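S.K.: Below you'll find the structure I mean.
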Amino acid sequence: MPNIKSAIKKSKQDIARKARNDKHRGQIESVLRKAVKGVSEKVDVFLSTAYANIDKAAKKRVIHKNKAGRLKKRVARLVSAKK
């Protein structure tokens, strides 16, 4: 456990950031799981929400922008294959 005041603050910040990042990563993982299993809702609605979740994670710098593009391509490919 940190003893210095700045180290204590940094530890609290790290915990809060990790929680925020885990939320975005979880949303991306659920999108990928749904794409692999098959989409039960309308494809265009699913793709727009999936793209929005991936873009938000990239905007918040949880993932790199190139990875976001790669994930969007992968989701689109999986969804079109399941049609």
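S.K.: Give me the residue from the range 1-12 that is at pLDDT 95 or above and of a type in the set (S, T, N, Q) and, out of that set, surrounded by the most Cβ atoms within 10 Å (Cβ to Cβ).
M.R.: Only one residue tops the list, namely Ser11.
S.K.: Name the single residue, out of those in the range 13-62 being outside any helix (DSSP H, G or I) and without any contact (Cβ under 8 Å) to a residue 40 or more places away in the chain, that is surrounded by the fewest Cβ atoms within 10 Å (Cβ to Cβ).
M.R.: Within the range 13-62, the match that is surrounded by the fewest Cβ atoms within 10 Å (Cβ to Cβ) is Ser40.
The values are calculated or read from the model by the stated rules, or taken from the named source; none is laboratory data. Only a predicted model underlies this, so the values are computations on that prediction, with no experimental measurement involved. Heads up, the Cβs are rebuilt from the backbone with ideal geometry, glycines too, and the neighbour counts pull from every protein chain shown.
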